[in-house]
Amino acid sequence: MRFADRVANIKPSATLTINAKAQKLRQMGVKIINFAVGEPDFDTPYHIKQAAVDALKKGFTRYTPASGIIELKEAVCEWISKYYGLKYQPHNVLVSCGGKHAIFNVLQAVLNPGDEVVIPAPYWVSYPDMVVLTGGIPVIVPCVPENNFKLTAPALRDAISEKTRVLILNSPSNPTGVHYSAEELESLVEVIKVRRDLVIISDDIYSRILFGDNKWVNVTMVDHDLLDRTVIIQAVSKTYAMTGWRIGFAVGNEDLISVASKVQSQSTSNPCSIAQWAAVEALKGDQSCVNEMVEKFEERARYVVGRLKAITGVRLVEPQGAFYVFPDLSPYYGRQYKNKQITGSVDMADYLMEEAHIAVVPGIAFGDDRCVRFSIALSDKELAEGLDRLETALKNLEG
Ligand code: GLU
């Protein structure tokens, strides 16, 4: 059978593929510790689930407007006003089937074939492939651990060409957990301002999961002039432990949102009606559940960082938020097990899966082959056990 050329150029999502592999092994009775997929291990808070039950009882089971119910758009505007101090109206909001879908719709709305999208690496696995699906060209900018994996103004300046249409920023970052400070963003803004037609996708879905003294800030908050050409991506998935409900948002320029909504109206139509009502409660209801989850993520991050740093050769940039760590295991490359040599992050992930029964995502899927990604949204017991296994597995590699 023949398939479209554009599909030949993309890969399946590495995070979801490895998660599926881990689940399959688990079903076969292998005691896998799954550090692969990034989703909170907590259950969706009760009051949010109750809102879904109420929506069902009230019969909110039909189509909604394709771009989402007005109540949810209003709740998003209130929420953004509270956490960003920025004012938007419901016509600035598109409700999609998760943050991923919101990004997809926005890229479809703005890119022509040949348009370039600047993506700092390490990046979330899906950005480049989503760009490729539009016929656009991902321009990957490697960011080094010495600079905490962050994009610098000179690197951004060098990456921008006549064809650049979009810049994707993601802070706190998946996979590194690093968060850009206001000063760091200001220096990027100097460069962004020179290109007046550049659209910024600010993927903020981990904005509420920040540790210590880190204060939430994004590019539009440091410079309001960028409001009109920045699209904020948010979702209830990570903040409220609602990954399966599939509700995310794109918030930005009215015309852009309207075009992205048109794309959605010709593909999925509205996101699940019941999930939308649950999301209204998530955004407007009691927020103490978020604080409790974030406290736990921070505690785990501290524990995991301590354990990883104690392993000989492992290098690590400490996360400031989200629930990932992205250690550099490359000092172990070149070593062997069962006559197989570990040549990069894919081999390392295979080795850890096969021999230690821990699932991690190879760094190459995020644009950095030295590292592997651990999602630390696991119980304390699983974390401890998984890190014990990692330590032993690395020790057992023959030098
Ligand atoms: N965003 C999460 C992750 O990076 C969920 C899976 C996905 O869609 O990539 O693991």
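Observations
- Within the chain, percent of DSSP bridges classed antiparallel, to nearest 5: 45
- Remark: spin-label model distance E78-I10 equals 3.5 nm, labels positioned 7 Å along the Cα→Cβ axis.
- Here the chain is treated with +1 on each Lys and Arg Cβ and -1 on each Asp and Glu Cβ, and its dipole about the Cα centre works out to around 1000 debye.
- Calculated over the chain, the projected area of the Cα convex hull averaged across directions stands at 20.4 nm².
- Gain upon complete extension [D380, Q50; 0.36 nm per residue less C-alpha separation]: 116.0 nm
- Theoretical gain in end-to-end length, E183 to K338 [0.36 nm per residue, Cα-Cα removed]: 50.9 nm
- Accessible area in square angstrom per residue, segment 93-132, 1.4 angstrom probe: 21
- Theoretical gain in end-to-end length, K57 to N214 [0.36 nm per residue, Cα-Cα removed]: 52.4 nm
- Carbon + sulfur, % of accessible area of the chain - ligands and nucleic acids excluded, 1.4 Å: 51
- Per-bin percent of Cα-Cα distances, segment 1-123 [10 Å]: 9, 22, 32, 28, 9, 0
- Note on surface exposure: R157, R370, R300 rank R157, R370, R300 by accessible area, highest first, 1.4 Å probe.
- Violating pairs (Cα-Cα greater than 31 angstrom) within the set K215/K395; K193/K296; K31/K309: K215/K395; K193/K296
- Counting only DSSP H runs of at least 4 residues, each contributing -39500 (n - 2.57), and dividing by the residue count of the chain, the helix-based mean residue ellipticity at 222 nm comes to -12500 deg cm²/dmol.
- Axis of helix 14-27 versus longest Cα principal axis of the chain: the two differ by about 60°, to the nearest ten degrees.
- Helix axis angle, 182-194 relative to the chain longest principal axis, alpha carbon, degrees: 60
- Taking every DSSP beta bridge that has both ends in segment 200-269, the antiparallel portion is near 50%.
- H91 accessible area, assembled protein chains, probe 1.4 Å, Å²: 90
- Cα-Cα separations in segment 145-234 greater than 19 Å, expressed as whole percent: 35
- Annotation for R315 and D228: the two label points, set 7 Å from Cα along the Cα-Cβ direction, are 4.4 nm apart.
- Placing R0 at 35 angstrom, the Cβ-Cβ distance between F3 and V194 gives a FRET efficiency of 0.30 after rounding to 0.05.
- V217, V236, ranked by accessible area, largest first (probe 1.4 Å): V217, V236
- Degrees, to the nearest 10: 70-84 long Cα axis against longest axis of the chain: 60
- Structure note, pairs K238/K262; K82/K262; K11/K262; K21/K58: Cα-Cα distances above 30 angstrom occur for K21/K58.
The values are calculated or read from the model by the stated rules, or taken from the named source; none is laboratory data. Computed from a prediction, not measured in an experiment: that's the story for all the values here. A quick note on method: Cβ atoms are made from the backbone with ideal geometry, for glycine too, and the neighbour counts reach across all protein chains shown. In case anyone asks, the SASA skips ligands and DNA or RNA and just uses the protein heavy atoms, side chains included. Shrake-Rupley method; radii C 1.70, N 1.55, O 1.52, S 1.80 Å.
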